[in-house]
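The values are calculated or read from the model by the stated rules, or taken from the named source; none is laboratory data. Just so we're clear, the structure is a prediction, and the values are computed from it rather than from any experiment. Quick reminder, even Gly has a Cβ in these numbers, built from the backbone with ideal geometry, and neighbours come from all protein chains shown. These area figures cover heavy atoms from the full protein model, side chains too; ligands, DNA and RNA do not enter into them. Shrake-Rupley method; radii C 1.70, N 1.55, O 1.52, S 1.80 Å.
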Amino acid sequence: MTAHADRLLFGPGPSNPYPEAIEALGRPVLGHLDPDYLALMAEIADRLRAVFGTANELTLPVSGTGSAGMEACLASLLQTGEKAIIGVNGYFGERLCEVASRGGASVVRVEAPWGRALDPEDLLAAQRANPDARLLAVVAAETSTGVRNDVAPLSALADTETLLLVDAVTALGGTEVRVDDWKIDACYSASQKCLGAPPGLAPVTLSPRAVDVLRTRYEPVRSFYLDLGLLHEYYQAPAHRYHHTASSTMAYSLHAGLGRLLGEGLEQVWARHAAIGGRLQESLAKRGFGLIAEPAANRLPQLTATTLPDGLAEAPLRKALLDRYGIEVGGGLGEFAGRAWRIGMMGHAARERSVTTLLAAVDELLG
C-alpha cells in the first residue's frame with residue numbers, strides 16, 4: 001500500500017514547506033535549457049543573493065541536498081595535497097573533514113567539545129600556523145548539537161591567502177548570515193530547512209577571489225556533476241552550456257519559498273525564529289529537559305538539541321510522537337545518539353502553533 005502520511009516535521013530537516021512552495025510543485029515541467037527555465041534560475045539567483053547578503057555573481061542552486069553543496073565547494077576549491085583547516089565541534093564538522101580528506105586534501109582539525117562553540121581565535125591561530133592553507137571551513141549552525149558558531153570574526157581571513165568556507169545549511173534564513181559583510185568566500189545551504197522548500201536543491205555562492213581559485217586550478221575538479229565552474233556556465237554564462245537535466249519543478253518551489261521569506265522580510269524572519277526557539281527551549285527546560293548547547297548565547301533558535309528527563313528512553317517516546325500524533329523529531333547523533341532529541345522549528349514550522357502542538361503531545365506522553 002502506498003503511504004501518504006501527513007507529518008508535522010519538527011526534526012532537523014526537512015521541515016514543512018511554505019504553502020506557496022508546495023503549490024509551485026504543480027507547475028508545468030520545463031526543459032532544462034528552456035528560456036523560461038533559465039529566466040527562472042536568474043530570478044532564483046537574485047533572491048539567493050538577497051538571502052545570503054551578497055553581490056556574488058556565482059550564486060546558484062546545486063541539484064542535490066546540503067551535502068551536495070558541501071561537496072561542490074570542497075571539490076571545486078581544493079586540489080590534491082592542499083590544506084584545509086576545519087572547525088569540528090559536531091557531526092557536520094566531522095563530515096567536512098571526511099569529504100575534504102576523500103578529495104585528497106590534508107586536513108588540519110580545530111576542535112571544541114560537542115555542545116560548545118568553536119573559539120574563532122583558535123581557528124585564526126591555526127591559519128597563522130598554516131598560512132599556506134587553501135581554505136578554512138566552519139559550520140555556522142551545527143545541527144547535531146544546536147550550537148551557533150561565531151563566523152563574523154573570521155572575516156580577518158580576507159587579509160590572508162586562505163579562503164573562508166561556511167556551512168549555512170541550517171543557518172540560512174533562520175539566523176543572521178552576511179556573506180559580504182563577513183567576507184565569506186564560499187557558502188552553501190539547503191532548500192529544505194529555513195528556506196521553506198522541499199529537499200532537492202543546495203544554494204551556493206562564491207566570492208570573486210574564490211572564483212579566481214576555481215579558474216586557476218592546475219588539475220580538473222574531481223567531480224563533473226558538482227563542478228561549480230561548469231554549473232556557472234550552465235546557468236549564468238551568456239551562452240548557456242548544457243551540463244545536466246536540472247529540475248524546473250524544484251526550482252519553482254525554491255523560487256516560491258524564497259519569495260515568501262523575502263516578502264516577510266529577512267530580519268523579521270530571523271526575529272520570528274528567535275522568538276519561537278526561545279519559547280521552545282524555555283518550555284523544555286521547565287519540563288526537565290536539558291539543553292545541549294551551552295552557554296545560552298551559543299544556542300540556535302531554529303534547531304534545539306535536548307536531552308530527556310532522567311529515566312526516559314528517547315527512542316520509544318520519539319516513536320510514540322510519530323505514531324500517535326504524526327510529529328517527527330530527530331534523534332541524537334554521534335556521542336548523543338540514543339540520549340537526545342533534535343527539534344527543528346524552521347521556516348514555515350517556526351510558528352507559535354508548532355511549539356504549542358509539540359508541547360501538548362509531549363505533556364500527554366509524559367503525563
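A cut-off of 5 Å between modelled amide H atoms, ignoring neighbours fewer than 5 places along the same chain, links Arg299 with Arg148. Peptides 188-195, 342-349 ordered by packing proxy, namely the average of other Cβ atoms within 10 Å per residue, highest first: 188-195, 342-349. The packing ranking of peptides 63-72, 133-142, highest mean first, is 133-142, 63-72, where packing means the average number of other beta carbon atoms within 10 angstrom of each residue. Solvent exposure of region 273-363, expressed per residue, is 40 Å² of accessible area, with all protein chains present and a 1.4 angstrom probe. For the chain, the convex hull drawn through the C-alpha positions has a volume of 135 cubic angstrom per residue. When restricted to Cα atoms, region 168-293 yields an Rg and a Dmax of 18.3, 60 Å, respectively.
Protein-only accessible surface at a 1.4 angstrom probe places the residues Glu82, Glu294 in the order Glu294, Glu82, largest first.
Where the centroid of each part is defined by its Cα atoms, how far is region 157-229 from region 127-146 in Å? That distance is 13 Å. Distance between the pseudo-spin-label points of Thr356 and Asp310 (7 Å out from Cα toward the beta carbon): 3.4 nm. Treating r as the C-beta distance of Ser67 and Asp150 and R0 as 35 Å, the FRET efficiency rounds to 0.90.
I need the calculated FRET efficiency for the pair Tyr225 and Leu317, taking r as the beta carbon distance and R₀ as 56 Å, to the nearest 0.05. Please list the in-between numbers first.
Numbers: r = 40 Å, r/R0 = 0.72.
Step by step, r from the Cβ atoms, then E = 0.90.
Placing dummy labels 7 Å off each Cα toward the beta-carbon, the span from Arg178 to His4 is 4.7 nm. Take each peptide in 168-174, 119-125, count the other Cβ atoms within 10 Å of every residue, and average; sorted highest first, the result is 168-174, 119-125. Annotation: amide H-H contacts under 5 Å for Leu164 (H modelled 1.01 Å from N, sequence separation of 5 or more, or interchain): Leu136, Asp185, Ala186. Can you tell me the orientation of helix 314-325 relative to the chain, as the angle in degrees between its alpha-carbon axis and the longest Cα principal axis, to the nearest 10? Its long axis makes an angle of about 80 degrees. One Cα centroid belongs to region 283-357, the other to region 36-51; the line between them spans 34 Å.
Between Glu364 and Ala337, what is the FRET efficiency for a Förster distance of 30 Å, r being their Cβ-Cβ separation, to the nearest 0.05? Walk me through the numbers before you get to the answer.
On the way: r = 26 Å, r/R0 = 0.86.
With a Förster radius of 30 Å, E is 0.70.
Projecting the alpha carbon convex hull of region 136-223 along each direction and taking the average yields 6.5 nm².
Quick one, can you get me the convex hull of the C-alpha atoms of region 9-98 expressed as volume per residue in Å³? Kindly include the intermediate steps, with their values, before the conclusion.
Values: hull volume 14.7 nm³, N = 90.
That works out to 164 Å³ per residue.
Heavy-atom surface analysis with a 1.4 Å probe gives the chain a carbon and sulfur content of 52 percent of its accessible area. Label sites at Glu294 and Asn130, each approximated as a point 7 angstrom past Cα along Cα to Cβ, lie 3.0 nm apart. Residues whose amide H lies under 5 Å from that of Glu111, counting only those 5 or more places away or on a different chain, are Val88; hydrogens are built 1.01 Å from N in the peptide plane. Couplings for region 214-231, taken from phi via the Karplus curve 6.51 cos²θ - 1.76 cosθ + 1.60 with θ = phi - 60°, read 4, 6, 9, 4, 9, 10, x, 4, 5, 9, 5, 5, 9, 6, 5, x, 5, 5 Hz in order; Gly and Pro are left as x. Couplings 3J(HN,Hα) for region 354-363, derived from phi with the Karplus relation 6.51 cos²θ - 1.76 cosθ + 1.60 (θ = phi - 60°), are 5, 5, 4, 5, 4, 5, 4, 5, 4, 4 Hz, where x marks Gly and Pro. If you take every DSSP beta bridge fully contained in region 68-172, what fraction is antiparallel? Give it as a percent rounded to 5. Close to 10 percent.
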